[in-house]
Amino acid sequence: QKEVEQNSGPLSVPEGAIASLNCTYSDRGSQSFFWYRQYSGKSPELIMFIYSNGDKEDGRFTAQLNKASQYVSLLIRDSQPSDSATYLCASALGGGADGLTFGKGTHLIIQP
Amino acid sequence: KAGVTQTPRYLIKTRGQQVTLSCSPISGHRSVSWYQQTPGQGLQFLFEYFSETQRNKGNFPGRFSGRQFSNSRSEMNVSTLELGDSALYLCASSLTGDGNTIYFGEGSWLTVV
């Protein structure tokens, strides 16, 4: 059974600080990893994807992947109140057409 | 560029009825996936269609079915509705099905009473 685990939170971070979100996955065959942001009552929005071990940076966001530890993380630098949302981690065996396996999400609150 | 359009946005059905949900993908996208989102189970993959063919299927009972038309529009159907089918049903549009090109629609909120 493929599983992606996330701490549900809420994770409270002061504005301007670094928010660190983590997830672990159970299927060693997973090849692709995604971070989605979902505001309350809205649909998920892709913010980062990563395929290779190491770090991948995009603006204020950095995704980190460690396949040996089956661990994926997302760092948000200079956190803003608009970053307050639920962050969903997802994995896929292939590119994603086989279906993404989602964690249940971490609720992030950025305190002004 | 128009996004992913799902209809209806909200609906209420009675146990035992069936429901059909529709999804129009982004123009040029040939892959359409469906997901169910509930507070208890989170987001779960239902199935994926590409060029009118179901390529992948999640772990849902046969009451859940779908199809894709030649214009890439897709429908999903749930027969013999159960209370547990109450959920947000999300359609995802993609050029090829790869996760790095997936865009979600706003979803259809289904309540079964």
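A short reminder: the numbers here are calculations on the coordinates, not readings from a lab. Keep in mind that what you see is a predicted model, and the values were worked out from it rather than measured. Note that we place each Cβ from the backbone using ideal geometry, even for glycine, and neighbour counts take in every protein chain shown.
Below, the figures for the structure above:
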read-out	value
Charge dipole (debye, nearest 20) of chain A; +1 at Cβ of Lys and Arg, -1 at Cβ of Asp and Glu	120
Binned Cα-Cα distance frequencies in the protein assembly as shown - 5 Å width, integer %	1, 7, 15, 19, 18, 16, 12, 7, 3, 1, 0
Other protein chain Cβ atoms within 10 Å, averaged over every residue that makes up A:38-48	4
Around B:Val78: net Lys/Arg minus Asp/Glu count, Cβ-Cβ under 12 Å	0
Ranked B:Thr7, A:Thr62, criterion: other C-beta atoms within 10 Å, fewest first	B:Thr7, A:Thr62
Net charge over other residues, Cβ less than 10 angstrom from the Cβ of A:Ser32 (K, R count +1; D, E count -1)	-2
Listed residue pairs exceeding 23 Å between alpha carbons, taken from A:Lys104/B:Lys13; A:Lys2/A:Lys42; A:Lys67/A:Lys104	A:Lys104/B:Lys13; A:Lys2/A:Lys42
Rg and Dmax [Cα atoms of chain B; Å; Rg one decimal, Dmax integer]	13.1, 39
Cα convex hull volume per residue for chain A (Å³)	95
Percentage of interatomic Cα-Cα distances in the stretch A:49-112 larger than 18 Å	44
